[in-house]
Amino acid sequence: MAQPPSGQAGEGLEDRLRNMIITNQGPSTEPQQGAVAETQTVVDASGQKRQKRLNQKERRQMSAQLTIPIDTRPQVLPQSGFRTHHHNQNQHQRQTSQNPQNQHNQQHRGHGHQPQGSGGGHFHGEGRAHRPHSATFRPPNQGQGVPYTQPRHQATRSYHGPMATADHMNPSAGQYPVDTSASALPSPMRPDLQSPRFRNRPPRSPGHQSLGSGFGTTGEVLAQAQYLETICNTVIANAEIDVNDIREKENFRARIEMVARDVITQFENSQAGQQWFPPDSVQLKCFGSLMSGFATKDADMDLGLLSPLSRPQPEASDSPIPRLIEKAFLDLGLGARLLSRTRVPIIKVCERPPEELRAALVKERENWEKGTEDEVDVEEVHDEVEPPPEGEEAQPLRGSEGQPSAPAIDESEASTPEQLLEFFRQDGKSLSNYYNAAKKVLRKLGGHDITHSNISAMKPEDIELLNRVCLAFVQGLAHEKVRDTLLNCKSLNRYDLLVTRMPRTLFGVLFQIEGQMLVESWDNRKVREKDDYLEERAKFTLERWKDLLNRSYAGQDPLAYQKELQNFVESLKRIPSIALMHLAQGQHEPAAAYHKRAHKLLLELGPSGTLSDGDPILSIVIRRYIDGIWNADIQQQVDEFSTTQDALTLEAVARKHKSLQLAHDYERCLQKGLYQEPAASLVKCYIALLRGNRNGLMVPLPDESAELMSTIKQLGDPAAKSPNQPRDPYRDRLEFPKSGVGVQCDINFSAHLALQNTTLLRCYSHCDPRVRPLVLFVKHWAKVRHINTPYRGTLGSYGYAIMMLHYLINVAQPFVLPNLQQLAPPPNPNMTPAEYEAAYMCKGYDVRFWRNEEEIQRLARENALTQNRDSIGQLLRGFFEYYAFNNHRTGRGFDWGRDVISLRTHGGLLTKQEKGWTGAKTVLEAKDSSNSATPTPLNTGGTPGIPPPPTPQNVNQPASQEYKEVRYRYLFAIEDPFELDHNVARTVTHNGIVRIRDEFRRAWGIIRGTAGVAEGELLEDLSVAVEKRDREDFEGLLRELHGGVGV
């Protein structure tokens, strides 16, 4: 990429960096430029010079005079009530980045690069202020930095391809003075933090205690930081990639690069008619963590295929190159599979696939050539919904959940939206499946439900469509009484919904249906509450529910009304007599968990014990328990058992249920061939023992049962095995094993921007030696907590790297990293548009940033890029604290529901409304079987556009063209640094963001309680923890069934 001519950008950049943070570099024998003097030379009455110690006021005045803001963000916020135009630099950048000619012209007019000290802060309505920073701000309670002599982390050996080792990989480089004695007390209140956006936040301090200054004393905070420092050092020491692994990966890259060159050259020569095509123009370039400096020993290799002279380009939808390369790899004996349903075409490659896997891959390739490829989309997941309150576990409603889903809506006769809504019926669907069907209908009609992020963007026609779907959702209910009651209540008044267009949410209507189903069971209950007080309290809750349904102004704040409905439904579920009416075992719910719920209801409704004439509640609970057993055969056997016992207890019935359920689970595992001899024979003997329990007491074991029970415990709980678990919608039968297959890599056919992102991250890793261990630690934490898998609805490692960089650039005070995109050298004003496009644009996006790696490394060695002296532990503490809190609710932390992380932006944050990312969007992806094409948004009517005619079939083209709906979610929003319309977190589903936020809160809770926490608890592997818990539960079940004898 072209660099600005000398004498223009270089000098300007040097001027902007000259005064960077020299006052906070620790002790030095040389006088530091910009340092605040502790004494002053004065002339006394006799005319002699002497040193006078400055008082506190004089030192503050001198410090203020020497404070030179080098950050381009504003230093002082406007007074309350001040507003500026909503059109700002970020919007200007978004507009011009798509048009190089316009951007070039804007650069000539002086808008391309904002001069230092010009502000650049923009405010979008009341309280929308970016967080200002001064690179030289130093709170009075900040002590002098104390340099250390050993590096904080191991020198990186991350793979950088066939290139020279960077300076930051030198163990002797990067020694950084860290202030280990920084006070945990907040710094004095600053006027730039008094905007409405920050008025609820305590002032920040360099130790990041501003968010949590009330959460611990100075000693506690330092102990928490030391705890994180210790485990971070352990992680980094074990995360280094081996030199032999680097060499092995590079050899494999060079090998498959030659194969790709031969395939593309042969294709261009024979079919494209380009006899002059140079093979060396085809390259497989490494990008991602192996090139950015954030790689670990188990990192796979990301490769980008570049063939600039190919026409069409390999990533184009009509290019046969990806399929040709896939076939060449398979013929070579490699494992190769083209993923055609990803955002961009990707080939997954492994070096030594097992024979069974390779045969399956070859078979899939043959099916594609025949036009019979069978691809299955993952199941629909919930979007934009809130989880139940913490501590509450959602349980199915009796008669609504656990039923087989009815066939999909028959849309063959529905040619208009009115007919589609008219045919919309629940039929045999469970309530949750019926709700999912309603969401699909709403999306098909071009609408979406109301959320916090999109409510202000809803148009009257959007509200009308949503209200029509809400009414159809109620009208199609199978429960007639519930349907009639809801249609007659004021909150669902047809006039208000369709004429005055008072908005309602589909999710809120779901709560109305669920709550009314609970209320309808009140009159049919067979048990009253435990005493008169609880009975009257339950009646009062029901009366309030009726008032809530008949609230005439429900549409004035639909989201608040939805939340109120949700809370009331949870209150109704907690009424024991109603909960008993809906007691039912979930399809995959363990018998022990089901018994626990039933026992809790028994204690809440009355005494427990042996059945007698004076204890009718016990018999009712037992009857409901038996009727609610999921498996019909087991239910019948337990029912027969209950009729043969004179003194029946809930424990006896549950023990019989558990023994039969365990036997059933073992039988399913045997049918699927999970157990081999001699274990299979022992399992069959154990099944006979479980089924032979006739009296509901302990299951007796034979005298010589040691071998039997040892085998049973080693095999583990059969309920946790795949035959007894729900189908995993993300499971891929052709997924490569994680180990034992040699080098694995992903070949991306549209990696141009990814290569730019990699360079940006590598430059950030050069800026400060603390960056790499911080990012590696967070990536490792996300991995062991199982929240780093995009195809399972969570966030990828790249997203966590951006989250850490956002914290270090925009949240930590003083900042740890400068904003490299804000420090991009200005372009040469004499450039032509074509030259500007070639130098600064990639795929239509502006990719300018300060990318002089040698200069960055030099300044980093001189400690000239930051004045922040916090330890790695202090920075990690601040990171977890920042993301553990929700700014919207607490006034501090990251606002997960409204903010977009934007590294390029002043302050690092945009709103979802600014980006237009206010709700999930559905697009049509028109593509052939070999590649993905550009997504096409659905039109407002929801009817897909007429697809183009299919291309003729030949050996290099797919059998037919395909179209599919793709969901772009914005539950969590991270703007790509360059591709501004791409949400890095678009794969995060509702369940995924709940898990991510729960893990941040868990981590922060552990950090706050460091004094009583084991060292490995924060990084406890979730799969290991779940396996340990399941094993303990299973051993407890065995002790319950056999009384501890022989177990």
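Here are a few things to note about the model shown:
- So Asn886, is it over 30 Å from Ala751 (Cβ atoms) and surrounded by fewer than 19 Cβ atoms within 10 Å (Cβ to Cβ): yes
- Here Pro829, Pro833, Pro825 are screened, and the one residue that is buried (at least 19 other Cβ atoms within 10 Å of the Cβ) and touching a residue at least 40 places away in the same chain (Cβ under 8 Å) is Pro825.
- Filtered residues of segment 849-879 (kept if in a loop (DSSP other than H, G, I, E, B) and either crowded, with 21+ Cβ neighbours inside 10 Å or small (Gly, Ala, Ser) (or both)): Phe849, Trp850, Asn863, Ala864, Leu865, Thr866, Gln867, Asn868, Arg869, Asp870, Ser871
- Lone unmet requirement of (1) crowded, with 17+ Cβ neighbours inside 10 Å; (2) not in a helix (DSSP H, G or I) for Thr500: (1)
- Test set (1) modelled with pLDDT of 90 or more; (2) open to solvent by 30 Å² or more (accessible area, probe 1.4 Å); (3) within 28 Å of Val988 (Cα to Cα) - Ile747 fails condition number: (2)
- Among the residues of segment 224-237, none qualifies, meaning not one is among the charged types (D, E, K, R), in contact (Cβ under 8 Å) with a residue 60 or more places away in the chain and open to solvent by 20 Å² or more (accessible area, probe 1.4 Å).
- Top-ranked residue in segment 418-439 [being among the hydrophobic types (A, V, I, L, M, F, W, C) and in contact with a helix residue (DSSP H, G or I) (Cβ under 6 Å, 6 or more places away or on another chain); ranked as modelled with the highest pLDDT]: Ala438
- Any chance Glu514 is open to solvent by less than 40 Å² (accessible area, probe 1.4 Å), among the acidic types (Asp, Glu) and within 34 Å of the chain's Cα centre (by Cα): yes
- In summary, helices (runs of 4 or more DSSP H) completely within segment 526-591 and bearing 2 or more residues that are open to solvent by 80 Å² or more (accessible area, probe 1.4 Å), free of Cβ contacts under 8 Å to residues at least 40 places away in the same chain and out of contact with any His (no Cβ under 9 Å at 6 or more places or on another chain) occur at 532-549.
- Residue list for segment 750-780, filter: β-branched (Val, Ile, Thr) and either buried (at least 23 other Cβ atoms within 10 Å of the Cβ) or at pLDDT below 95 (or both): Thr758, Val771, Val775, Val778
- Residue tally, condition open to solvent by 40 Å² or more (accessible area, probe 1.4 Å) and part of a helix (DSSP H, G or I), over segment 668-681: 4
- Test: residue in segment 466-483 that is surrounded by 15 or more Cβ atoms within 10 Å (Cβ to Cβ), modelled with pLDDT of 90 or more and of a type in the set (Asp, Glu): no
- Condition check for Ala720: hydrophobic (A, V, I, L, M, F, W, C) and either free of Cβ contacts under 8 Å to residues at least 40 places away in the same chain or touching a Gly at 6+ places or on another chain (Cβ under 7 Å) (or both): no
- For segment 684-717, a tally of residues being open to solvent by 70 Å² or more (accessible area, probe 1.4 Å), part of a helix (DSSP H, G or I) and in contact with a Gly (Cβ under 9 Å, 6 or more places away or on another chain) returns 1.
- Taking every residue in segment 331-342 that is at negative phi and pairing it with any residue that is open to solvent by 40 Å² or more (accessible area, probe 1.4 Å) and assigned to a strand (DSSP E or B), at least 6 positions away or on another chain, the pairs with Cβ-Cβ distances below 8 Å are Gly335/Lys348; Ala336/Lys348; Arg337/Lys348; Leu339/Lys348.
The values are calculated or read from the model by the stated rules, or taken from the named source; none is laboratory data. These numbers were taken from a predicted model, which means no experiment stands behind them. Virtual Cβ from ideal backbone geometry, glycine too; neighbours counted across all protein chains shown. SASA here: full protein model, heavy atoms, side chains in, ligands and nucleic acids out. Shrake-Rupley method; radii C 1.70, N 1.55, O 1.52, S 1.80 Å.
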